[in-house]
Amino acid sequence: MPATPAWPPSSLPRLYVEHQIAPGAELMLQGAQAHYLIAVMRLGSGAQVKLFDDRSGEWLAQISDAGKKRVSLRILQLLRAREPVPDLWLLFAPIKRGRIDLVVEKATELGVARLIPVLTQRTIVDRTNSDRLLAHMIEAAEQCERTALPELAQPQKLRPLLDDWPEERALLFADESGGEPLLQTASPGPAAILIGPEGGFTDEERSAICALPQARPISLGPRILRAETAAIAGVALWMAAAGDWRRAPVR
Ligand code: SAM
(Lines give C-alpha, C1' and ligand atoms only; values in the text may rest on other atoms or scores of the structure.)
Protein backbone atom coordinates (compact mmCIF):
# COMPACT_ATOMS: atom_id res chain seq x y z
CA MET A 1 0.00 0.00 0.00
CA PRO A 2 1.75 3.17 -1.14
CA ALA A 3 2.26 5.66 1.69
CA THR A 4 -0.24 8.50 1.79
CA PRO A 5 1.55 11.41 0.11
CA ALA A 6 2.21 14.37 2.48
CA TRP A 7 -0.33 17.20 2.20
CA PRO A 8 0.37 19.89 1.28
CA PRO A 9 3.28 18.47 -0.78
CA SER A 10 6.56 19.55 0.84
CA SER A 11 7.72 20.43 -2.68
CA LEU A 12 5.45 23.46 -2.77
CA PRO A 13 7.38 26.72 -3.19
CA ARG A 14 7.87 28.42 0.14
CA LEU A 15 8.31 32.17 0.60
CA TYR A 16 8.82 34.61 3.46
CA VAL A 17 6.55 37.67 3.38
CA GLU A 18 7.13 40.81 5.44
CA HIS A 19 3.52 41.75 5.99
CA GLN A 20 1.43 39.89 8.59
CA ILE A 21 -0.64 37.10 7.04
CA ALA A 22 -4.33 36.81 7.99
CA PRO A 23 -6.88 34.12 7.12
CA GLY A 24 -8.71 34.78 3.84
CA ALA A 25 -6.49 37.78 3.05
CA GLU A 26 -5.31 38.65 -0.45
CA LEU A 27 -1.72 39.72 -0.84
CA MET A 28 0.43 40.84 -3.73
CA LEU A 29 3.98 39.74 -4.43
CA GLN A 30 6.15 41.73 -6.83
CA GLY A 31 9.78 41.89 -8.04
CA ALA A 32 12.03 38.89 -7.32
CA GLN A 33 9.33 36.87 -5.52
CA ALA A 34 6.86 37.27 -8.42
CA HIS A 35 9.61 36.43 -10.89
CA TYR A 36 10.50 33.32 -8.86
CA LEU A 37 6.92 32.00 -8.84
CA ILE A 38 6.09 32.86 -12.46
CA ALA A 39 9.32 32.58 -14.42
CA VAL A 40 11.37 30.12 -12.33
CA MET A 41 8.66 27.84 -10.87
CA ARG A 42 6.38 28.46 -13.88
CA LEU A 43 3.25 28.70 -11.75
CA GLY A 44 -0.05 30.25 -12.76
CA SER A 45 -3.52 30.89 -11.36
CA GLY A 46 -4.72 28.13 -9.07
CA ALA A 47 -1.26 26.95 -8.07
CA GLN A 48 -0.54 26.63 -4.35
CA VAL A 49 2.34 28.17 -2.43
CA LYS A 50 3.44 28.10 1.22
CA LEU A 51 4.05 31.47 2.92
CA PHE A 52 5.38 32.44 6.35
CA ASP A 53 5.70 35.83 8.05
CA ASP A 54 7.87 35.11 11.11
CA ARG A 55 4.88 36.00 13.31
CA SER A 56 1.73 33.97 12.73
CA GLY A 57 3.21 30.80 11.26
CA GLU A 58 3.11 29.04 7.89
CA TRP A 59 0.12 29.34 5.59
CA LEU A 60 -1.17 27.68 2.44
CA ALA A 61 -1.98 30.20 -0.29
CA GLN A 62 -3.32 29.99 -3.84
CA ILE A 63 -2.39 32.15 -6.81
CA SER A 64 -5.52 34.10 -7.78
CA ASP A 65 -3.92 36.21 -10.49
CA ALA A 66 -0.51 36.04 -12.15
CA GLY A 67 0.95 38.81 -14.25
CA LYS A 68 4.51 39.28 -15.57
CA LYS A 69 5.64 41.44 -12.65
CA ARG A 70 3.13 40.73 -9.88
CA VAL A 71 1.27 37.81 -8.38
CA SER A 72 -1.89 37.92 -6.26
CA LEU A 73 -2.35 35.22 -3.66
CA ARG A 74 -5.33 34.31 -1.50
CA ILE A 75 -4.60 32.85 1.93
CA LEU A 76 -6.35 29.47 2.34
CA GLN A 77 -5.38 28.10 5.74
CA LEU A 78 -2.83 28.00 8.53
CA LEU A 79 -0.54 25.00 8.19
CA ARG A 80 1.41 25.41 11.44
CA ALA A 81 2.06 28.03 14.10
CA ARG A 82 5.37 29.87 14.42
CA GLU A 83 7.87 27.46 15.97
CA PRO A 84 9.23 28.00 19.49
CA VAL A 85 12.85 29.25 19.29
CA PRO A 86 15.51 28.48 21.94
CA ASP A 87 16.68 31.66 23.67
CA LEU A 88 20.20 31.73 22.27
CA TRP A 89 22.02 34.78 20.89
CA LEU A 90 25.10 34.54 18.67
CA LEU A 91 27.62 37.40 19.06
CA PHE A 92 30.31 37.34 16.41
CA ALA A 93 33.05 39.65 15.18
CA PRO A 94 32.24 40.47 11.54
CA ILE A 95 34.40 38.60 9.05
CA LYS A 96 34.80 38.86 5.31
CA ARG A 97 31.90 38.58 2.87
CA GLY A 98 31.08 34.97 1.97
CA ARG A 99 32.23 33.75 5.38
CA ILE A 100 29.93 36.09 7.35
CA ASP A 101 27.12 35.04 4.97
CA LEU A 102 27.83 31.45 5.97
CA VAL A 103 27.62 32.32 9.68
CA VAL A 104 24.19 33.98 9.41
CA GLU A 105 22.88 31.29 7.05
CA LYS A 106 23.93 28.42 9.32
CA ALA A 107 22.84 30.23 12.50
CA THR A 108 19.39 30.62 10.90
CA GLU A 109 19.23 26.93 10.01
CA LEU A 110 20.37 25.94 13.52
CA GLY A 111 17.73 28.04 15.27
CA VAL A 112 19.52 31.03 16.83
CA ALA A 113 17.11 33.70 18.16
CA ARG A 114 19.30 36.81 17.72
CA LEU A 115 22.47 37.69 15.80
CA ILE A 116 24.73 40.54 16.99
CA PRO A 117 27.84 41.55 15.03
CA VAL A 118 30.40 42.68 17.66
CA LEU A 119 33.19 45.15 16.90
CA THR A 120 36.35 44.22 18.83
CA GLN A 121 39.86 45.70 18.79
CA ARG A 122 41.12 43.21 16.22
CA THR A 123 38.00 43.24 14.07
CA ILE A 124 39.11 43.87 10.47
CA VAL A 125 35.68 44.18 8.85
CA ASP A 126 33.94 47.00 10.77
CA ARG A 127 30.78 47.27 8.66
CA THR A 128 28.13 44.72 7.74
CA ASN A 129 25.61 44.84 4.90
CA SER A 130 22.41 44.08 6.84
CA ASP A 131 20.27 43.79 3.69
CA ARG A 132 22.54 41.15 2.21
CA LEU A 133 22.79 39.26 5.49
CA LEU A 134 19.00 39.35 5.91
CA ALA A 135 18.56 38.02 2.37
CA HIS A 136 20.80 35.06 3.26
CA MET A 137 18.83 34.46 6.47
CA ILE A 138 15.49 34.54 4.63
CA GLU A 139 16.74 32.14 1.94
CA ALA A 140 18.01 29.74 4.62
CA ALA A 141 14.68 29.90 6.48
CA GLU A 142 12.69 29.38 3.26
CA GLN A 143 14.77 26.32 2.29
CA CYS A 144 14.88 24.77 5.77
CA GLU A 145 11.15 25.05 6.45
CA ARG A 146 11.67 27.42 9.34
CA THR A 147 8.74 29.58 10.47
CA ALA A 148 10.92 31.94 12.52
CA LEU A 149 13.79 34.25 11.54
CA PRO A 150 16.56 35.30 13.91
CA GLU A 151 16.62 39.00 14.79
CA LEU A 152 19.64 40.68 13.15
CA ALA A 153 21.01 43.53 15.30
CA GLN A 154 23.19 46.39 14.09
CA PRO A 155 26.92 45.99 14.81
CA GLN A 156 27.84 46.95 18.38
CA LYS A 157 31.13 47.69 20.10
CA LEU A 158 32.19 45.06 22.67
CA ARG A 159 32.62 47.35 25.72
CA PRO A 160 29.19 49.06 25.68
CA LEU A 161 27.64 45.65 24.96
CA LEU A 162 29.30 44.25 28.10
CA ASP A 163 28.35 47.37 30.12
CA ASP A 164 24.65 46.81 29.32
CA TRP A 165 24.73 43.03 29.52
CA PRO A 166 21.36 41.57 30.65
CA GLU A 167 21.66 40.15 34.16
CA GLU A 168 19.76 36.93 33.42
CA ARG A 169 21.68 35.97 30.26
CA ALA A 170 24.71 33.64 30.40
CA LEU A 171 27.61 34.76 28.17
CA LEU A 172 29.53 31.76 26.83
CA PHE A 173 32.78 33.32 25.69
CA ALA A 174 34.56 31.14 23.10
CA ASP A 175 38.16 31.48 24.20
CA GLU A 176 40.80 29.72 22.13
CA SER A 177 43.26 30.09 25.03
CA GLY A 178 41.14 27.75 27.12
CA GLY A 179 37.86 27.33 28.95
CA GLU A 180 35.28 24.78 30.08
CA PRO A 181 34.09 22.33 27.42
CA LEU A 182 30.82 23.80 26.09
CA LEU A 183 28.96 20.50 26.44
CA GLN A 184 29.64 20.52 30.19
CA THR A 185 28.66 24.11 30.84
CA ALA A 186 25.77 24.81 28.46
CA SER A 187 22.44 25.37 30.21
CA PRO A 188 19.09 26.27 28.68
CA GLY A 189 18.65 29.96 27.74
CA PRO A 190 18.73 32.80 28.08
CA ALA A 191 22.24 32.38 26.78
CA ALA A 192 24.66 33.89 24.28
CA ILE A 193 27.78 32.60 22.54
CA LEU A 194 30.58 35.11 21.78
CA ILE A 195 33.00 34.39 18.92
CA GLY A 196 36.08 36.54 18.34
CA PRO A 197 37.73 37.85 15.16
CA GLU A 198 40.43 36.03 13.17
CA GLY A 199 43.03 37.78 15.29
CA GLY A 200 41.34 36.70 18.53
CA PHE A 201 40.55 38.86 21.56
CA THR A 202 43.17 41.11 23.18
CA ASP A 203 44.15 40.39 26.78
CA GLU A 204 42.41 43.61 27.79
CA GLU A 205 39.18 42.43 26.15
CA ARG A 206 39.55 38.97 27.68
CA SER A 207 39.79 40.55 31.18
CA ALA A 208 36.78 42.79 30.52
CA ILE A 209 34.70 39.82 29.34
CA CYS A 210 35.77 37.59 32.26
CA ALA A 211 34.96 40.40 34.72
CA LEU A 212 31.28 40.01 33.79
CA PRO A 213 29.57 37.74 36.38
CA GLN A 214 27.48 36.10 33.62
CA ALA A 215 30.55 35.26 31.49
CA ARG A 216 32.07 31.79 31.25
CA PRO A 217 35.09 31.05 29.01
CA ILE A 218 34.34 27.98 26.91
CA SER A 219 36.56 25.75 24.83
CA LEU A 220 35.61 24.36 21.43
CA GLY A 221 38.30 21.73 21.57
CA PRO A 222 42.13 21.65 21.28
CA ARG A 223 42.33 22.98 17.73
CA ILE A 224 42.09 26.62 16.65
CA LEU A 225 38.98 26.96 14.51
CA ARG A 226 38.32 29.68 11.97
CA ALA A 227 35.77 32.15 13.30
CA GLU A 228 32.91 30.89 11.12
CA THR A 229 33.63 27.29 12.09
CA ALA A 230 33.74 28.22 15.77
CA ALA A 231 30.37 29.98 15.45
CA ILE A 232 28.67 27.03 13.75
CA ALA A 233 30.26 24.43 16.06
CA GLY A 234 29.42 26.46 19.17
CA VAL A 235 25.76 26.89 18.24
CA ALA A 236 25.39 23.23 17.27
CA LEU A 237 26.89 22.05 20.56
CA TRP A 238 24.66 24.37 22.57
CA MET A 239 21.56 23.24 20.67
CA ALA A 240 22.45 19.61 21.38
CA ALA A 241 23.29 20.19 25.06
CA ALA A 242 20.78 22.87 26.08
CA GLY A 243 18.65 23.71 23.09
CA ASP A 244 15.90 21.78 21.42
CA TRP A 245 17.66 19.01 19.54
CA ARG A 246 16.18 16.41 21.78
CA ARG A 247 12.78 17.42 20.41
CA ALA A 248 11.44 15.76 17.25
CA PRO A 249 11.34 17.94 14.10
CA VAL A 250 8.17 20.07 13.81
CA ARG A 251 6.58 19.41 10.39
N1 SAM B 1 44.04 34.41 16.36
C2 SAM B 1 43.64 33.48 17.33
C3 SAM B 1 44.79 32.66 17.70
O4 SAM B 1 45.59 32.46 16.80
O5 SAM B 1 44.83 32.25 18.87
C6 SAM B 1 42.57 32.57 16.78
C7 SAM B 1 41.27 33.24 16.64
S8 SAM B 1 40.05 32.15 16.01
C9 SAM B 1 40.49 32.08 14.35
C10 SAM B 1 38.62 33.14 16.00
C11 SAM B 1 37.70 32.96 17.19
O12 SAM B 1 37.14 31.65 17.15
C13 SAM B 1 38.37 33.04 18.53
O14 SAM B 1 38.46 34.37 18.98
C15 SAM B 1 37.40 32.23 19.42
O16 SAM B 1 36.31 33.02 19.82
C17 SAM B 1 36.94 31.16 18.46
N18 SAM B 1 37.69 29.89 18.57
C19 SAM B 1 38.44 29.30 17.62
N20 SAM B 1 38.91 28.11 18.05
C21 SAM B 1 38.46 27.95 19.32
C22 SAM B 1 38.61 26.93 20.31
N23 SAM B 1 39.31 25.82 20.06
N24 SAM B 1 37.99 27.11 21.51
C25 SAM B 1 37.26 28.23 21.76
N26 SAM B 1 37.08 29.23 20.87
C27 SAM B 1 37.67 29.09 19.67
If you count, for each residue, the other Cβ atoms within 10 Å and average over each peptide, how do 70-79, 159-168 line up from highest to lowest? 70-79, 159-168
Could you pull out which residues in the stretch 22-36 have an amide N less than 12 Å from a spot 7 Å beyond the Cα of ARG74, following the Cα-Cβ vector? 24-27
Of all DSSP beta bridges in the chain, antiparallel share, percent nearest 5: 40 percent
Put +1 on the Cβ of each Lys and Arg and -1 on the Cβ of each Asp and Glu in the chain; which of ILE193, SER177, LEU158 then has its Cα farthest toward the positive end of the dipole? ILE193
Compare the peptides 60-67, 169-176 by average per-residue count of other Cβ atoms within 10 angstrom and give them in order, highest first. 169-176, 60-67
Among LEU15, LEU134, LEU225, which one moves the most in a GNM of the chain with springs linking Cα atoms closer than 10 Å? LEU225
Once you charge only the Cβ atoms, +1 for Lys and Arg and -1 for Asp and Glu, what is the size of the charge dipole of the chain about its Cα centre, to the nearest 20 debye? 840 debye
What accessible area, in Å² to the nearest ten, does a 1.4 Å probe give for LEU152? 40 Å²
Given the options GLY57, GLY44, GLY200, state which has the largest fluctuation in a GNM of the chain using a 10 Å cut-off (strictly under) for Cα springs. GLY44
As I understand it, the dipole of the stretch 103-201 uses +1 on the Cβ of Lys and Arg and -1 on the Cβ of Asp and Glu, about the Cα centre. Which of PRO117, LEU149, MET137 lies farthest toward its positive end? PRO117
Taking a cut-off of 20 Å between Cα atoms, list the lysines near LYS69, but don't count ones fewer than 8 places away on the same chain. LYS50
Which of the lysines could a cross-linker span from LYS157 if the Cα-Cα distance has to be under 27 Å and same-chain partners fewer than 8 positions apart are dropped? LYS96, LYS106
Name the residue from THR108, LEU88, GLN30 whose Cα lies farthest towards the positive end of the charge dipole of the chain, charges +1 on Cβ of Lys and Arg and -1 on Cβ of Asp and Glu. GLN30
Of GLU142, GLU109, GLU204, which has the most accessible area and how do the rest follow, probe 1.4 Å? GLU204, GLU109, GLU142
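The values are calculated or read from the model by the stated rules, or taken from the named source; none is laboratory data. Just so we're clear, the structure is a prediction, and the values are computed from it rather than from any experiment. Every residue, glycine as well, gets a Cβ built from its backbone with ideal geometry; the counts of neighbours run over all protein chains shown. SASA here: full protein model, heavy atoms, side chains in, ligands and nucleic acids out. Shrake-Rupley method; radii C 1.70, N 1.55, O 1.52, S 1.80 Å.
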